[in-house]
1. Grab the alpha carbons of the range 125-226, take their convex hull, and tell me the volume per residue in Å³.
2. Could you give the spread of the C-alpha atoms of the range 239-282 along their three principal axes, from largest to smallest, in whole angstroms?
3. Cα atoms only: what Rg and Dmax, in Å, come out for the range 29-92?
4. Cα extents of the range 83-158 along the three principal axes, largest first, in whole Å?
5. Between Lys255 and Ile10, what length comes free when the chain is fully extended (0.36 nm per residue of separation minus the Cα-Cα distance, one decimal in nm)?
6. If amide H atoms are built 1.01 Å from N in the plane of the peptide, which residues on other chains or at least 5 residues away come under 5 Å of the amide H of Ser268?
7. With angles folded into 0 to 90 degrees, how steeply does helix 254-264 sit against the dominant principal axis of the chain? Use alpha carbons for both and round to 10.
8. Let's see if you can work this out: charge +1 on each Lys and Arg Cβ, -1 on each Asp and Glu Cβ, no other charges. What is the dipole magnitude of the chain about its Cα centre, in debye to the nearest 20?
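Every read-out reported here was derived from the displayed coordinates using simple, explicitly stated rules and does not represent laboratory data. A quick note: this is a predicted structure, and the numbers were derived from the prediction, not measured. Please note: Cβ atoms are built from the backbone with ideal geometry, for glycine as well, and neighbour counts cover all protein chains shown.
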Amino acid sequence: MTLKEDKNKIDRGLYLVSTPIGNLRDITLRALDVLNQSDIILCEDTRVSKKLLSHYKIEKQIISYHKFNEKKNLQKIINLLKDNLIVSLISDAGTPAISDPGKILIKQCIDEDIRIIPIPGASAVTTSLSISGFSDKFYFHGFLSETSHSIKKEFNLFQSLKCSIIFFISAQKLNKNFQLLKEFFSDREILICRELTKLHESFYRGTVSEIDKFKFNPRGEVTVIISEKKNLDKKELNESDKKKIKKLIQNKSVKDIVRIFSQEKNISKSKIYNYCLKLKNEK
């Protein structure tokens, strides 16, 4: 064995190998080195992973490892690691265990003192944030919930954050929740990234209030970034606002009026709420 080969030789353990998020050429040299020396490669979807491995002429034993079988296969994989095999975990795209399977295996390896080695690489989160022009202080949520009811709860929590907000969502689900986005973030800017690093990569920029002009193919997933909360001076209620509230209070709840005015007019919720109470008490 040459000195160069000896330097490249890797230790036994579990390797979390980041893979490209679209463009196969975005894989790192170190990731290729680790995959080539692995005894076993755990794949989220073997069909997707085979394309990557075949492209780089990597022929290794692969085992399907996804959210539906990770508990079932856990002990089997731990035994392989205890037998001093080099095991690599890859997801379909990006970093394993970040919005992808792997956490259960990682926790078990920690408990059993099995070495874990991260191999960094491409990330949809940092790739999209880098071109957003928004604050680099950010909150990453991962995938949004399945139902609009649950998404509404998540948006309600996001609303108080003063940093950029990043989440993943299917294009189909995004189309269905435009109104919710406008309800909670109408005064903020938005960047929607599709097909990142791929041939048909596209970006949609604008304010959340004009999101209706975007139309998305229902297939695939998108990365969404909402800009940081703006610190604008809150306005006072003018006579026109007061007249509108008097009309609205006839058939809308105080909660709805507060929400509508605080977003549309940049008026503090407490001022709107107190004026509504004043009108209620005058009746």
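1. 90
2. Here the Cα extents, ordered largest to smallest, are 25, 19, 17 Å.
3. Rg and Dmax of the range 29-92, Cα atoms, are 11.5, 32 Å.
4. Largest to smallest, the principal-axis extents are 47, 30, 22 Å.
5. Extra length from Lys255 to Ile10 when fully extended: 82.2 nm.
6. Lys235
7. Around 70 degrees separate the two axes.
8. 1520
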